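Below is one structure; the comments refer to it alone.
The values are calculated or read from the model by the stated rules, or taken from the named source; none is laboratory data. A quick note: this is a predicted structure, and the numbers were derived from the prediction, not measured. Methodologically, a virtual Cβ is constructed for each residue, glycine included, from the backbone with ideal geometry; neighbour enumeration extends over all protein chains shown. For accessibility, only protein heavy atoms count, side chains too; no ligands or nucleic acids. Shrake-Rupley method; radii C 1.70, N 1.55, O 1.52, S 1.80 Å.
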Amino acid sequence: MELPIILDTDPGIDDAVALAAALFSPQLDLRLVTTVAGNVSLEKTTRNALQLLHFWQSDVPVAQGAATSLLRPLRDAVSVHGKSGLDGYDFIAHQRQVLTTPAFQAMRDLLMTSPEPVTLVAIGPLTNIALLLTHYPECAFNIRQLVLMGGSAGRGNFTPSAEFNMAIDPDAAACVFRSGLDIVMCGLDVTHKAVLTPEFIRTLPALNASGRMLHALFSHYRGGSMSTGLRMHDLCAIAYLVKPELFTLQHCFVAVETQGEYTAGATVVDLDHRLGKPANARVAMDIDVEGFREWVAQMVKDCP
């Protein structure tokens, strides 16, 4: 049976690959895409989601979410993804529109009417998820689990201590980890290893239209530096859903620092159970890199 999912995203180049996998993995049923400000502004992440779905001729609805974090000024990753968030490819104009309801309301509506539990997949800042759980805690009964890309059991990639998605909205992340949801955290411990090789990236244009589009985006990802390969951070969340056997998980208590002058957004992952608190997440600590690369290669081939 296909697993119904909601994808909360801030496209973003690696988000584009994750969206492809969510659309074309036969194990998944993508019911809703929600956008959040993160890699670029909300206006741009929403436009990018609509452009990508139009490119793939998908009628999955899109709901626009939070334009800023809960309590802090917005920061972005334009230096990584380019000014548009999807620099490098000229998408065809379209007339697609977002739903009239905001993202957290659209999530709630889907969850409350779904005949089966739905998995939330969050690959951007967790603002929309926190708003959902704060405004509509009653819908948690129909959330199968939350699989997120974010955090780290070690160092950060946006600040010395914090991964980007957590650093952009630490308060939302802290709310989510306190929620009691079944959480799987795919953080930098695995995403830094999930690297597509330059040799594979060079083969993309010959595969299909999706390969040509993704290659064009990759040529602008992190300034176009593909000589050492590219890390597929967000794609790991989809990979976990489709190929969980690729990942090594550890049950841990995870808290998100919100007060530290230098550490806001840091995920405190209690690997050794020193805090004496019950585990509230399964944290991905290792990944079968070759298996991941084989899955990605097949997934892109299966795209139109």
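Here are ARG155, ARG212: which of them is surrounded by fewer than 15 Cβ atoms within 10 Å (Cβ to Cβ), in contact with a helix residue (DSSP H, G or I) (Cβ under 6 Å, 6 or more places away or on another chain) and not in a strand (DSSP E or B)? Don't jump to the end; show me each part of the working.
On the way: ARG155 fails: in contact with a helix residue (DSSP H, G or I) (Cβ under 6 Å, 6 or more places away or on another chain).
None of the others qualify; the one that does is ARG212.
Taking the options PHE24, PHE91, name whichever one is of a type in the set (A, V, I, L, M, F, W, C), at negative phi and open to solvent by less than 50 Å² (accessible area, probe 1.4 Å). I'd like the intermediate steps shown before the answer.
Numbers: PHE24 fails: open to solvent by less than 50 Å² (accessible area, probe 1.4 Å).
Of PHE24, PHE91, the one residue that is of a type in the set (A, V, I, L, M, F, W, C), at negative phi and open to solvent by less than 50 Å² (accessible area, probe 1.4 Å) is PHE91.
Which of the residues spanning the stretch 164-217 are aromatic (Phe, Trp, Tyr) and in contact with a strand residue (DSSP E or B) (Cβ under 6 Å, 6 or more places away or on another chain)?
PHE177
Could you tell me whether ARG75 is out of contact with any Lys or Arg (no Cβ under 8 Å at 6 or more places or on another chain), surrounded by fewer than 24 Cβ atoms within 10 Å (Cβ to Cβ) and modelled with pLDDT of 95 or more? First the steps, then the outcome.
Values: out of contact with any Lys or Arg (no Cβ under 8 Å at 6 or more places or on another chain): yes; surrounded by fewer than 24 Cβ atoms within 10 Å (Cβ to Cβ): yes; modelled with pLDDT of 95 or more: no.
Judged against the criteria, ARG75 is not a match.
Examine the stretch 2-14 for a residue that is touching a residue at least 12 places away in the same chain (Cβ under 8 Å), more than 16 Å from VAL300 (Cβ to Cβ) and open to solvent by 10 Å² or more (accessible area, probe 1.4 Å), and state whether such a residue exists. Can you show your working first?
Just the residues of the stretch 2-14 that are touching a residue at least 12 places away in the same chain (Cβ under 8 Å), to begin with: 2-14.
The next check asks that each one be more than 16 Å from VAL300 (Cβ to Cβ); those that pass are 2-12.
So of that shortlist, the ones also open to solvent by 10 Å² or more (accessible area, probe 1.4 Å) come out as 2-3.
Yes, the stretch 2-14 contains a residue that is touching a residue at least 12 places away in the same chain (Cβ under 8 Å), more than 16 Å from VAL300 (Cβ to Cβ) and open to solvent by 10 Å² or more (accessible area, probe 1.4 Å).
Among the hydrophobic types (A, V, I, L, M, F, W, C) and surrounded by fewer than 18 Cβ atoms within 10 Å (Cβ to Cβ), is that true of PHE164?
It is false that PHE164 is among the hydrophobic types (A, V, I, L, M, F, W, C) and surrounded by fewer than 18 Cβ atoms within 10 Å (Cβ to Cβ).
What number of residues within the stretch 42-70 are in contact (Cβ under 8 Å) with a residue 60 or more places away in the chain, over 18 Å from SER210 (Cα atoms) and surrounded by fewer than 23 Cβ atoms within 10 Å (Cβ to Cβ)?
Within the stretch 42-70, the subset in contact (Cβ under 8 Å) with a residue 60 or more places away in the chain is 45, 55-57, 65-66, 69-70.
Next cut, over 18 Å from SER210 (Cα atoms) only: 45, 65-66, 69-70.
Those still in the list that are surrounded by fewer than 23 Cβ atoms within 10 Å (Cβ to Cβ) too: 70.
Total satisfying the criteria: 1.
Can you find, within the stretch 215-236, the residue that is modelled with the lowest pLDDT among those that are more than 19 Å from the chain's Cα centre (by Cα) and assigned to a helix (DSSP H, G or I)?
Initial filter on the stretch 215-236 (more than 19 Å from the chain's Cα centre (by Cα)): 215-216, 219-220, 223-229.
Now narrow it down to the ones that are assigned to a helix (DSSP H, G or I): 215-216, 223-224.
Values: HIS215: 93, ALA216: 93, GLY223: 60, GLY224: 56.
Here the residue is GLY224.
For the stretch 202-251, what are the residues that are touching a residue at least 24 places away in the same chain (Cβ under 8 Å) and of a type in the set (Val, Ile, Thr)?
THR228, ILE238, VAL242, THR248
Scan the stretch 122-152 residue by residue and report those that are open to solvent by 20 Å² or more (accessible area, probe 1.4 Å) and under 19 Å from LEU241 (Cα atoms).
Taking the stretch 122-152 first, the residues open to solvent by 20 Å² or more (accessible area, probe 1.4 Å) are 131, 133-138, 140-141, 144-145.
Correct list: ARG144, GLN145.
Going through ARG212, ARG202, ARG231 one at a time, which residue ends up being touching a Ser or Thr at 6+ places or on another chain (Cβ under 7 Å) and more than 13 Å from ALA284 (Cα to Cα)?
On the way: ARG212 fails: touching a Ser or Thr at 6+ places or on another chain (Cβ under 7 Å); ARG202 fails: touching a Ser or Thr at 6+ places or on another chain (Cβ under 7 Å).
Residue meeting the stated conditions: ARG231.
Looking for whichever is open to solvent by 10 Å² or more (accessible area, probe 1.4 Å) and either at negative phi or under 18 Å from the mean Cα position of the chain (by Cα) (or both) here; the options are VAL195, VAL190. Which one fits? Can you show your working first?
Values: VAL190 fails: open to solvent by 10 Å² or more (accessible area, probe 1.4 Å).
Being open to solvent by 10 Å² or more (accessible area, probe 1.4 Å) and either at negative phi or under 18 Å from the mean Cα position of the chain (by Cα) (or both) holds for just one of VAL195, VAL190, which is VAL195.
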